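What follows is a single structure, written as structure tokens, with notes after it.
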Amino acid sequence: MFFSFQELPVLHIINEDDVERGGRTFVSKKGISTNTTIGLLSQNTMSVQIRGIWFKNCFIINNYGGAPFFIEGDSGSGVFLSDADGNQKRALGIAFASSNSKTQTCVCDIRDIVQTFDIDFYSDPQPMDTS
């Protein structure tokens, strides 16, 4: 069996300065069902209850350009701030649900995920114990 070790890119996480207030903030994701799609970040947030679990203050992504941003099978896709061409800039969150009308997607904030699971990101390669 062949294993390849390569340096992973640094994950840049959003901060408040990354989100344009009153402007158009584009996002992109690559899902299993829809492949790469572009959407627009709403200025509002939503809370969603799924099977008795509340997901609060989630980002809302609106469809852009006539195509759906998210459909069944895309759950778990990473969503990134991007430009209008889909070039990714910073991690926004994880897509996991859509509105009944299928025009809006609910995205958990990546900062909440990082904090909840105590995830660390390193910009420099870290030594790995291979023993």
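On a per residue basis, the range 51-124 carries 61 Å² of accessible surface, using protein heavy atoms and a 1.4 Å probe.
Expressed as a whole percent, the proportion of Cα-Cα pairs in the range 16-92 lying more than 14 Å apart is 63%.
The values are calculated or read from the model by the stated rules, or taken from the named source; none is laboratory data. The structure presented is a predicted model; accordingly, all values stated were derived computationally and were not measured. Just the protein is used for accessible areas: all its heavy atoms, side chains included, with ligands, DNA and RNA removed. Shrake-Rupley method; radii C 1.70, N 1.55, O 1.52, S 1.80 Å.
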